[in-house]
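**Student:** Okay, here's the structure, questions in a sec.
Any read-out appearing in this document is the output of simple, stated calculations on the displayed coordinates, not a laboratory observation. This structure is a prediction, so every number in the text was calculated from the model and none was measured. Note that we place each Cβ from the backbone using ideal geometry, even for glycine, and neighbour counts take in every protein chain shown.
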Amino acid sequence: MAEVTRTYKVGQHPDLPPPRSEVGVIGWVKYNLLSTPFNVIMTLLALWFLWSIIPPLFEWAVLDSVWTAESRKACWAKMEVPEGAACWAFIKDRIGLYIYGFYPAELRWRVNLSFVLLVLAIVSVLYENMPGRKFGLWYAVAFPFITGWLLVGGLGLTHVETDQFGGIMLTFIIGITGISFSLPIGILLALGRRSTLPVIRILCVLIIEFIRGVPLIALLFIASTMLNYFLPPGTAFDLLLRVLIMVTLFQSAYIAEVIRGGLQGIPNGQYEAADSLGLTYAKSHLLIILPQALKISIPGIVNTFIGLFKDTTLVLIIGMLDPLGVGRASLADAVWAGLAREVYIFVAIFFFICCFGMSRYSLWLEKRLSTEN
Amino acid sequence: MNEKSKPESAIQSSKDASKVIIEINGMHKWFGAFHVLKNINLTVNTGERIVICGPSGSGKSTLIRCINRLEEHQEGTIVVDDVELTGDLKNIEIIRSDVGIVFQQFNLFPHLTVLENCSLAPIWVRNMAKGEAEELALKYLERVQIPEQAKKYPGQLSGGQQQRVAIARSLCMNPKIMLFDEPTSALDPEMIKEVLDVMVELAETGMTMLVVTHEMGFATAVADRVIFMDEGEIIEQKPPNEFFHNPEHDRTKLFLSQILAH
Ligand SMILES: Nc1ncnc2c1ncn2[C@@H]1O[C@H](COP(=O)(O)OP(=O)(O)OP(=O)(O)O)[C@@H](O)[C@H]1O
Ligand SMILES: [Mg+2]
């Protein structure tokens with residue numbers, strides 16, 4: 001290298017390309033996989049591990065699997081080695097239950113329509129450059145109420161009891177209600193906790209600390225049993241609604257703490273600059289403080305959402321059938337019993353897809369927001 | 001008490017006849033038990049340019065931050081544009097919208113573009129239409145000579161450019177008074193001049209300005225009065241020529257010898 005450098009005059013040295021070993025596939029492999037003897041051993045071990053896991057798994061789940069059969073016996077009869085591959089026919093047989101729970105079959109179009117509306121709502125919230133975004137946001141605000149009416153019925157639609165809700169639909173109802181209501185409530189709790197008014201501050205601290213100090217399962221039990229004691233007798237208060245309230249409160253407390261962390265990351269100068277322009281408390285928070293605090297909090301917020309989404313499975317303890325509950329119940333069927341692996345893998349894949357999607361979106365959002373400045 | 005400790009050296013500005021815009025009387029401030037401002041008496045007339053200097057920790061920032069109530073004083077009175085600063089939130093918001101402040105650390109809003117930084121307060125405090133506010137913002141960005149940066153985010157600008165945006169942002173509120181808290185001390189040397197130039201030009205328009213700075217060249221060229229503070233007190237105030245060449249108090253002399261040494 002030294003000779004090359006000497007051939008240029010001082011002050012006129014051009015930018016040279018980096019040495020071959022630093023770039024491209026070869027450079028990457030050399031640097032990341034084979035840089036030290038220990039690294040070489042770890043790479044080989046990892047390769048061996050992958051080789052012994054992936055091909056058999058792929059055979060079990062895809063190549064040898066059976067997709068149509070009437071029973072477990074019929075399924076296994078179709079395999080070279082009985083029990084040697086996945087019997088997805090079981091899942092296919094119960095797919096209606098997994099998606100809709102016990103929602104009446106002739107009314108399932110309402111659930112389907114809700115899913116479509118959900119996709120529209122998600123798109124209008126998440127994609128900022130969509131045309132007509134303002135309308136989209138109003139739609140997203142109205143969405144929970146439209147869907148609530150669509151799913152429960154009334155006002156011209158046949159009424160469906162919420163104890164017939166179940167499966168993926170139930171997971172989405174609980175997860176999305178929790179996510180969309182806990183964010184505003186969490187923001188208010190976080191701001192309240194930083195308030196200069198002692199009454200508000202103490203109240204918010206108490207709410208947050210109480211809810212964070214109690215396991216979600218306990219809150220769900222409270223929802224399913226105790227809440228009725230506190231209500232005037234005769235008021236029937238839907239169990240799902242009670243669960244939704246509890247889940248939202250639980251989620252709000254966590255979101256509040258995440259956002260409080262974000263608020264602490266905002267330098268004092270931002271508050272001072274906003275104040276010095278004559279902005280009121282509400283305006284300076286809406287325009288200056290919260291946009292920045294939320295941006296810092298995105299990883300924590302999404303992390304909390306993912307946690308909540310998975311925690312929705314806990315409702316099976318108070319007798320509601322989410323996909324996991326549906327799966328467990330279906331295993332009791334003598335015709336299919338013994339296919340637990342298929343059930344749990346299917347449920348796991350469902351949750352994984354949803355949570356991975358959220359995680360990717362948050363990464364994309366972080367990246368886009370960080371290129372802003 | 002106000003009467004007896006009023007510095008005798010208090011001089012009347014050359015603009016005697018014009019209207020008093022800031023009147024501070026017997027003002028004290030504490031941070032906890034720490035007495036940071038002691039018996040401040042200061043009268044500023046409309047259009048006056050005042051430079052405040054003094055050693056670090058003497059209370060210069062605290063004093064000018066009291067004028068738009070970023071800091072609260074505990075004793076005495078501060079009257080800005082005929083409105084007394086009390087706990088009344090409405091008064092505070094009105095005064096803040098009429099008093100611009102430029103900070104050492106710029107404090108631009110990093111999530112908004114330069115144009116949005118400038119048009120935000122006119123839109124949300126003055127209820128101006130968006131288009132009108134943006135026009136106004138562009139006008140002031142032109143005045144600080146960076147209209148071409150309007151679409152950028154603050155993080156993409158140099159320190160000097162950011163500080164000029166901060167000045168434009170304040171000017172967009174059409175303030176009656178501009179406060180500057182060491183506007184050039186966070187800047188690299190080659191950027192100090194571009195900011196000072198903007199401030200000199202602003203002074204020429206007749207803006208009332210209170211500037212905390214150690215840029216003595218600026219003080220000589222622009223100030224009507226230089227105020228020297230030490231340990232929370234106003235020690236001496238004089239027109240710049242007299243202040244630099246004929247300081248009265250030993251502490252002023254010591255301070256001047258220190259800053260002129262480098
Ligand atoms: N929020 C606060 N709480 C407690 N003490 C403070 C606070 N702000 C400032 N002080 C103290 O008050 C004194 C005056 O501070 P101030 O910032 O007004 O000084 P200054 O003259 O502007 O100094 P510098 O030239 O370093 O900016 C300092 O001793 C400082 O430590
Ligand atoms: Mg200071």
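**Student:** Can you return the lysines within cross-link range of A:Lys73? Criterion is Cα-Cα under 29 Å, with same-chain partners fewer than 8 residues away left out.
**Tutor:** A:Lys92
**Student:** Here's another thing I want to ask about it. Which one, A:Val40, A:Val243, A:Val302, has the greatest fluctuation when you compute a Gaussian network model over chain A with C-alpha springs under 10 angstrom?
**Tutor:** Sorting by GNM fluctuation, first place goes to A:Val40.
**Student:** If R₀ is 45 angstrom, what is the calculated FRET efficiency for the pair A:Ser195 and A:Trp28, using the beta carbon separation as r and rounding to 0.05? Kindly include the intermediate steps, with their values, before the conclusion.
**Tutor:** Working: r = 52 Å, r/R0 = 1.15.
It comes out at approximately 0.30.
**Student:** Springs between alpha-carbon pairs under 10 angstrom, Gaussian network model over chain A: which of A:Leu239, A:Leu34, A:Leu308 fluctuates most?
**Tutor:** A:Leu34
**Student:** Taking GluC sites (Glu not before Pro) as exposed when DSSP calls them loop (any state but H, G, I, E, B) and at most 16 other Cβ atoms lie within 10 Å, what is the longest stretch of chain A free of them, the sites themselves excluded?
**Tutor:** That would be A:162-371.
**Student:** Residue by residue through B:146-156, how many Cβ atoms from other chains fall within 10 Å of the Cβ on average?
**Tutor:** Numbers: counts 0, 0, 0, 0, 0, 0, 1, 3, 1, 2, 2.
If you average over the peptide's residues, the count of other-chain Cβ atoms is 1.
**Student:** Evaluate peptide B:109-115: per residue, the Cβ atoms of other protein chains within 10 Å of its Cβ; return the mean as an integer.
**Tutor:** Details: counts 10, 8, 10, 6, 2, 0, 0.
Averaged over the peptide's residues, the number is 5.
**Student:** Cα-Cα over 29 Å: which of B:Lys38/B:Lys90; A:Lys9/B:Lys152; A:Lys9/B:Lys151?
**Tutor:** The pairs that break the limit, which is 29 Å between Cα atoms, are A:Lys9/B:Lys152; A:Lys9/B:Lys151.
**Student:** Still on this structure, I have one more. Which trypsin sites (Lys or Arg not before Pro) does region A:85-174 hold that lie in a coil by DSSP with at most 15 other beta carbons within 10 Å?
**Tutor:** Answer in residue order: no site qualifies.
**Student:** Moving on to the next point. Amide H of B:Ile177 versus every other amide H placed in the peptide plane: which residues, excluding those fewer than 5 positions away on the same chain, fall under 5 Å?
**Tutor:** Distant-sequence amide H within range of B:Ile177: B:Gly100.
**Student:** At 222 nm, what helix-only mean residue ellipticity would chain A give, in deg cm²/dmol to the nearest 500, using -39500 (n - 2.57) for each DSSP H run of four or more?
**Tutor:** Taking each H run of at least 4 residues, the total per residue is -21000 deg cm²/dmol.
**Student:** In what sequence do A:His13, B:His35 fall when counting other Cβ within 10 Å, fewest first?
**Tutor:** With the sparsest Cβ surroundings first, the list reads A:His13, B:His35.
**Student:** Chain B: longest stretch without exposed trypsin sites (Lys or Arg not before Pro) (DSSP loop, at most 11 other Cβ within 10 Å), sites themselves excluded?
**Tutor:** B:20-150
**Student:** Also: Over chain A, what is the mean sequence separation of C-alpha contacts under 8 Å (at least six apart), divided by residue count, expressed as relative contact order in percent?
**Tutor:** Relative contact order of chain A: 17 percent.
**Student:** Which chymotrypsin sites (Phe, Trp or Tyr not before Pro) from region A:38-91 combine a DSSP loop assignment with at most 15 other Cβ atoms within 10 Å? Please list the in-between numbers first.
**Tutor:** Working: sites: A:Phe38, A:Trp48, A:Phe49, A:Trp51, A:Phe58, A:Trp60, A:Trp67, A:Trp76, A:Trp88, A:Phe90; in loops: A:Trp67, A:Trp88.
Those that pass, being in a loop and sparsely packed, are A:Trp67.
**Student:** Also, I was wondering about something else. Among the aspartates and glutamates, select those whose C-alpha is under 13 Å from the C-alpha of B:Lys139, and discard any that sit fewer than 8 residues away in the same chain.
**Tutor:** B:Glu148
**Student:** Only Lys, Arg, Asp and Glu count, each charged at its Cβ (+1, +1, -1, -1), so figure out the dipole size of region A:28-155 about its Cα centre, rounded to 20 debye.
**Tutor:** With only Lys, Arg, Asp and Glu charged at Cβ, the dipole is about 380 debye.
**Student:** Could you compute the net charge surrounding A:Val125? Neighbours are other residues with a C-beta less than 15 Å from the C-beta of A:Val125; K and R count +1, D and E count -1.
**Tutor:** +2
**Student:** Hey, another quick one. Given +1 on the Cβ of Lys and Arg, -1 on the Cβ of Asp and Glu, and no further charges, what dipole in debye does the protein assembly as shown carry about its Cα centre, rounded to the nearest 20?
**Tutor:** Details: 53 positive and 61 negative charges, 304 e Å.
My answer is approximately 1460 debye.
**Student:** On a straight-distance basis, which aspartates and glutamates could pair with A:Lys78 in a cross-link, Cα separation under 20 angstrom, same-chain partners fewer than 8 positions away excluded?
**Tutor:** Leaving aside aspartates and glutamates fewer than 8 places away in the same chain, those within reach of A:Lys78 are A:Glu59, A:Asp64, A:Glu70, A:Asp93, A:Glu342.
**Student:** What does the helix-only formula give at 222 nm for chain B: each DSSP H stretch with n ≥ 4 adding -39500 (n - 2.57), the total divided by the residues, and the result rounded to the nearest 500 deg cm²/dmol?
**Tutor:** Taking each H run of at least 4 residues, the total per residue is -11000 deg cm²/dmol.
**Student:** Further, regarding this structure: Only Cα pairs within less than 10 Å get springs; with that Gaussian network setup on chain A, which residue of A:Ile200, A:Ile187, A:Ile179 has the largest fluctuation?
**Tutor:** Comparing A:Ile200, A:Ile187, A:Ile179 in the GNM, the peak value goes to A:Ile200.
**Student:** So, one more: From the phi of every residue in region A:149-163, what ³J(HN,Hα) in whole Hz does the Karplus formula 6.51 cos²θ - 1.76 cosθ + 1.60 yield, where θ is phi - 60° and glycine or proline is x?
**Tutor:** 5, 4, 7, 7, x, x, 6, x, 9, 4, 6, 10, 5, 6, 6
**Student:** Gap in Å between the Cα centre of region A:134-208 and the Cα centre of region B:180-257?
**Tutor:** 56
**Student:** Once each part is reduced to its C-alpha centroid, what is the distance from region A:248-280 to region A:75-91 in angstrom?
**Tutor:** The distance from the Cα centre of region A:248-280 to that of region A:75-91 comes to 55 Å.
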